[in-house]
Amino acid sequence: MKVLVATDGSEHSMKAVQRGLELVEKQGAQVTLMSVGYFPDDVDEMPPNIREKLESEAKAALKKAKAVFDAKNIPVETVLEAGLVPANLIIRKATEGKFDRIVIGSTGQNALERILMGSTAAKVVAHAPCEVTVVR
């Protein structure tokens, strides 16, 4: 079973990482951890220091999630994407990678973004090409 675990380093996303680890330990799943840098990948007009900060935050989330697997000596793939709509990138990765399941936290780090744009988890559930587990 191929599992894509989306993480932004938040409490709920780290619970999703933990669920991914459980799937490896109990079912022998192959897990890929994914984080999204919240900025347009193809726009050069963003100030470099802002882009670097946002990319650094996404990398830190991946590092934090990978440490959970490293602590148990379990290999895991990591993927860093960039874009303004994380749900779209998660769905695209799940589709292209032919994943069997997506595991995602129920809420992320930014409450304002949730209010303005809707929940990433809700969008993933609505449009995913595979089973989705939402962790609270």
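Quick notes on this structure:
- Residues Thr120, Thr78, Thr95, arranged from fewest to most other Cβ atoms within 10 angstrom of their Cβ, appear as Thr95, Thr78, Thr120.
- Over 27 Å [Cα-Cα, the chain], rounded percent: 14
- Over all other residues within a Cβ to Cβ distance under 11 Å of Gly105, the charged ones net out to +1, with Lys and Arg as +1 and Asp and Glu as -1.
- Peptide packing for 50-60, 83-93 was compared via the average number of neighbouring C-beta atoms within 10 Å per residue; ordered from the highest value, the list is 83-93, 50-60.
- Over the chain, relative contact order from alpha-carbon pairs under 8 Å, at least 6 apart, %: 35
Taken together, the values in this text are just the output of simple stated rules run on the coordinates, not laboratory data. Just so we're clear, the structure is a prediction, and the values are computed from it rather than from any experiment. Glycine gets a Cβ as well: all are built from the backbone with ideal geometry, and neighbour counts include every protein chain shown.
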